[in-house]
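Peer 1: Below is one structure. I have some questions about it.
The values are calculated or read from the model by the stated rules, or taken from the named source; none is laboratory data. The shown structure was predicted, so the numbers you read here are calculated from the model rather than taken from an experiment. Please note: Cβ atoms are built from the backbone with ideal geometry, for glycine as well, and neighbour counts cover all protein chains shown.
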Amino acid sequence: MKPVKKNKSYAWLWQRHHDRKKIVLFIACLALTLLFSSVLKAQDTTGRKILSLPQVLEIVKRNHPVAKLAAIRIDKSGADITIARGAFDPLFYNSAAQKTFSGTEYYNYNRPELTIPTWFGVEINTGLEYLSGSRTDPQETAGKSSYFGISVPLAKNLLMDKRRAALQTAKIYRTAAETEQRAMLNDLLQETTVAYWNWVLHYQDYQILQEAVQVNERRLSFVRTSFRLGDRPAIDTTEALAQLQSMELMLGEASLAFRNAGLELSVFLWTDQQLPYQLPDDVIPAIVLREMAIQQLPVPALDSLLQSARNLHPELGLYRYKLDVLQLEKKLKFQELLPAVNFRYNQLGKGYDVLKTATGPLFENNYRYGLSVGLPLRFSAGRGEYKKAKLKITETKIERDYKQLQLETKVKTYYNELQTLRQQVLLQESAVGNYQALQQGEETRFRNGESSLFLVNTRENKKLEALMKLTGLKAKYIKTANSLSWAAGLLR
């Protein structure tokens with residue numbers, strides 16, 4: 001896959017800004033709908049504590065161990081930068097030696113030295129020397145002296161060396177750690193959201209069946225009263241009781257599923273003291289799925305989502321940082337193809353006046369210089385390392401392009417699924433209304449003695465089945481919308 005070329009025109013910038021506004025509007029509308037949809041009714045009808053999705057996500061981002069680990073990795077990357085900068089720290093070194101034998105002072109030597117590395121591979125050094133004795137090296141200068149010098153690589157390590165590469169790599173990894181944190185949070189928030197909506201769905205099923213049990217209790221009471229008055233046969237009381245027992249059984253199963261979904265959601269909830277937290281039984285979701293207007297939620301354009309996935313998804317961002325590191329490695333390995341040519345010059349002076357020594361004339365008097373040259377005859381190691389570095393870049397680009405294709409495919413898949421679910425929700429809402437009308441009509445006929453309890457129960461079962469399917473489709477729609485944001489790398 002060819003990389004996407006960025007158009008640098010003002011029109012493209014405006015379009016990109018406009019697309020991002022659409023995506024932000026989509027996420028904001030979705031979040032507000034989830035937060036405020038029927039919260040007051042949930043409080044009024046149950047009197048229990050409610051827990052919204054934004055509250056859950058905030059707890060996860062603040063206390064979840066994975067989020068904590070991501071923050072620790074950023075701190076570790078900062079420590080690596082400090083370590084890499086240590087290679088550029090000034091170094092003080094002192095060498096001292098003395099020898100006396102049979103009353104004769106062979107030598108007394110002391111040499112403090114300060115070396116200052118610089119970013120461009122040049123090292124500055126200065127120091128003092130003291131040498132006395134009767135057995136000293138004639139090449140050394142007796143008495144007090146000082147020097148100020150410089151060491152310069154003229155080929156290898158001039159444009160790049162291990163110290164600079166290590167520091168630049170550490171800085172890239174520091175930024176990459178923040179992107180990795182986004183990637184981890186993107187996945188973590190996706191899993192949390194799925195668990196929350198499973199919890200919401202099971203609670204909605206529990207509420208629907210609770211209402212069905214109450215309806216069947218009233219119907220059983222009505223049938224029994226009618227039987228005692230001689231208006232209904234005894235078999236109707238048995239059928240009403242069987243329907244009630246069936247609903248109670250389903251209610252028990254729904255209650256168990258709701259509690260278990262709460263346990264699954266609790267896996268993502270931790271306290272400030274880093275202790276796992278279990279949701280109490282009196283906490284309920286802040287959403288009523290039956291009253292959510294799915295058709296009012298805006299959906300951004302597919303092209304905008306694909307562009308966001310290419311530019312904003314943290315996993316693709318990690319590949320960009322990895323390529324930056326490999327480019328640095330390539331520059332460093334290229335140095336192995338250059339000869340090692342090092343020049344060193346020291347300006348010498350009598351006494352300990354380093355400033356006077358450093359400002360003296362160069363290459364006239366009181367100086368020492370050296371030139372060293374090293375040249376591998378075949379550069380076998382250098383050629384191999386440089387080729388390997390280029391192959392790593394090619395390999396990483398292939399992996400990045402494949403990952404981009406996977407993400408784009410996920411975005412398209414979730415987008416298509418979202419469009420289909422949108423139509424299914426509308427159709428199912430219409431079907432629920434029809435089943436509701438059929439049930440009400442059948443109940444009216446039953447009360448007028450024109451129908452049987454069997455038909456009433458059949459209509460009720462169909463309505464409950466359609467209603468639970470509708471809530472399932474709505475929950476699936478919201479989870480798919482969240483998965484679409486996850487695939488585009490927008491969860492944070």
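Peer 1: Answer yes or no as to whether Leu418 is assigned by TED's automatic domain parsing to the domain that holds Ala212, farther than 21 Å from Thr192 by Cα and either modelled with pLDDT under 90 or not β-branched (Val, Ile, Thr) (or both).
Peer 2: Answer is no for this residue.
Peer 1: Given (1) surrounded by 14 or more Cβ atoms within 10 Å (Cβ to Cβ); (2) within 32 Å of the chain's Cα centre (by Cα), identify the lone condition not met by Leu348.
Peer 2: Leu348 satisfies all of (1) surrounded by 14 or more Cβ atoms within 10 Å (Cβ to Cβ); (2) within 32 Å of the chain's Cα centre (by Cα) except (2).
Peer 1: Suppose the filter is over 30 Å from Asp75 (Cβ atoms) and not in a loop (DSSP other than H, G, I, E, B); does Ser134 pass it?
Peer 2: The answer is no for Ser134.
Peer 1: Here's a follow-up. Run Arg259 past the list (1) farther than 30 Å from Met468 by Cβ; (2) in a helix (DSSP H, G or I); (3) free of Cβ contacts under 8 Å to residues at least 40 places away in the same chain and report the number of the one that doesn't hold.
Peer 2: For Arg259, the exception is condition (1).
Peer 1: Also: Checking the structure you have, find out if any residue of region 101-110 is under 30 Å from Ser483 (Cα atoms) and among the aromatic types (Phe, Trp, Tyr).
Peer 2: So far as region 101-110 goes, no, none of its residues is under 30 Å from Ser483 (Cα atoms) and among the aromatic types (Phe, Trp, Tyr).
Peer 1: Among all residue pairs at least 6 apart or on different chains, which show Cβ distances below 9 Å where the first residue, located in region 332-357, is on the phi > 0 side of the Ramachandran plot and the second is at pLDDT 85 or above?
Peer 2: Cβ pairs passing all conditions: Gly351/Gly143; Gly351/Lys144; Gly351/Ser145; Gly351/Ser146.
Peer 1: Can you name the residue in region 171-227 that is small (Gly, Ala, Ser) and more than 16 Å from Gly262 (Cα to Cα) and is also nearest to the chain's Cα centre (by Cα) among such residues?
Peer 2: Ala183
Peer 1: Among the residues in region 69-84, are any more than 33 Å from the chain's Cα centre (by Cα) and farther than 30 Å from Gln274 by Cβ?
Peer 2: Checking region 69-84: not a single residue is more than 33 Å from the chain's Cα centre (by Cα) and farther than 30 Å from Gln274 by Cβ.
Peer 1: Ok, one more. Among the residues of region 49-88 satisfying the criterion of being small (Gly, Ala, Ser) and in contact with an Asp or Glu (Cβ under 9 Å, 6 or more places away or on another chain), which is nearest to Val267 (Cα to Cα)?
Peer 2: Among residues in region 49-88 that are small (Gly, Ala, Ser) and in contact with an Asp or Glu (Cβ under 9 Å, 6 or more places away or on another chain), the one nearest to Val267 (Cα to Cα) is Ala70.
Peer 1: Name the single residue that is farthest from Asn108 (Cα to Cα) among those in region 139-180 being part of a helix (DSSP H, G or I) and among the hydroxyl-bearing types (Ser, Thr, Tyr).
Peer 2: Ranking the qualifying residues of region 139-180, first place goes to Thr179.
Peer 1: Can you confirm whether region 192-205 contains a residue that is surrounded by fewer than 19 Cβ atoms within 10 Å (Cβ to Cβ), polar (S, T, N, Q) and modelled with pLDDT of 90 or more?
Peer 2: No, region 192-205 has no match at all.
Peer 1: Report whether or not Leu323 is assigned by TED's automatic domain parsing to the domain that holds Gln428, of a type in the set (A, V, I, L, M) and modelled with pLDDT of 90 or more.
Peer 2: yes
Peer 1: Just name the residue that is nearest to Val122 (Cα to Cα) out of those in region 68-99 that are assigned to a strand (DSSP E or B) and in contact (Cβ under 8 Å) with a residue 12 or more places away in the chain.
Peer 2: Residue satisfying both the conditions and the ranking: Leu91.
Peer 1: Can you name the residue in region 85-118 that is surrounded by 13 or more Cβ atoms within 10 Å (Cβ to Cβ) and within 38 Å of the chain's Cα centre (by Cα) and is also farthest from Arg164 (Cα to Cα) among such residues?
Peer 2: This residue is Pro117.
Peer 1: Looking at region 297-312, which of its residues are in contact (Cβ under 8 Å) with a residue 24 or more places away in the chain, farther than 23 Å from Val56 by Cβ and not small (Gly, Ala, Ser)?
Peer 2: Passing the criteria: Pro298, Val299, Pro300, Leu302, Asp303, Leu305, Leu306, Gln307, Arg310, Leu312.
Peer 1: Looking at Gln273, Gln243, can you tell me which residue is of a type in the set (S, T, N, Q) and either farther than 30 Å from Glu178 by Cβ or in contact (Cβ under 8 Å) with a residue 12 or more places away in the chain (or both)?
Peer 2: Among Gln273, Gln243, only Gln243 is of a type in the set (S, T, N, Q) and either farther than 30 Å from Glu178 by Cβ or in contact (Cβ under 8 Å) with a residue 12 or more places away in the chain (or both).
Peer 1: Only residues that are closer than 16 Å to Glu239 by Cβ and part of a helix (DSSP H, G or I): list them for region 446-492, please.
Peer 2: Answer for region 446-492, where residues must be closer than 16 Å to Glu239 by Cβ and part of a helix (DSSP H, G or I): Phe446, Arg447, Leu453, Phe454, Leu455, Val456, Asn457, Thr458, Arg459, Glu460, Asn461.
Peer 1: So, one more: Scan (1) within 49 Å of the chain's Cα centre (by Cα); (2) modelled with pLDDT of 90 or more for the single condition Leu128 breaks and write down its number.
Peer 2: The single condition Leu128 does not satisfy is (1).
Peer 1: Please determine whether any residue of region 381-398 is in contact with an Asp or Glu (Cβ under 9 Å, 6 or more places away or on another chain) and either surrounded by fewer than 11 Cβ atoms within 10 Å (Cβ to Cβ) or within 19 Å of Ser308 (Cα to Cα) (or both).
Peer 2: No: zero hits.
Peer 1: Residues of region 336-345 being buried (at least 16 other Cβ atoms within 10 Å of the Cβ) and either under 21 Å from Glu140 (Cβ atoms) or over 58 Å from the mean Cα position of the chain (by Cα) (or both), which ones?
Peer 2: The answer is Tyr345, and nothing else.
Peer 1: For region 288-402, list the helices (runs of 4 or more DSSP H) that sit wholly inside it and hold at least 3 residues that are under 30 Å from Leu159 (Cα atoms) and among the basic types (Lys, Arg); which are they?
Peer 2: The qualifying helices (runs of 4 or more DSSP H) are 314-334.
Peer 1: Hey, does region 455-470 have a residue that's exposed (fewer than 14 other Cβ atoms within 10 Å of the Cβ) and closer than 27 Å to Phe258 by Cα?
Peer 2: Checked against the condition, which is being exposed (fewer than 14 other Cβ atoms within 10 Å of the Cβ) and closer than 27 Å to Phe258 by Cα, region 455-470 yields at least one hit.
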